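Please treat every number below as a calculation from the coordinates, not as lab data. Quantities reported herein were computed from a predicted structural model and do not represent experimental measurements.
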């Protein structure tokens, strides 16, 4: 049975193709209110410790 993403969920995987500091540490997808998004995540250090910074980009219709 194939994996089917449920609404308002997402998955992230380690970015093995990361070459520059600006490239995300992890990439994946999310399904929010029935709309698919690409998700990118960067692990950063802040005043309260490590955290994840996320970016969402709507997948284009093909």
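Just round it to a whole percent: the fraction of Cα-Cα distances in the chain exceeding 21 Å. Could you put the intermediate results ahead of the total?
On the way: 601 of 1891 pairs.
Counting pairs separated by more than 21 Å, the tail of P(r) holds 32 percent.
Over the chain, calculate the relative contact order: mean separation of alpha carbon pairs under 8 Å at least 6 apart, over the residue count, as a percent. List each step's numbers first, then the result.
Values: 102 pairs, mean separation 15.7, N = 62.
After rounding, I find 25 percent.
If the chain between residue 45 and residue 6 were fully stretched, how many nm would it gain, using 0.36 nm times the residue separation less the Cα-Cα distance? Don't skip to the answer; put the middle values down first.
On the way: separation 39, 0.36 × 39 = 14.04 nm, distance 3.08 nm.
Here the answer is 11.0 nm.
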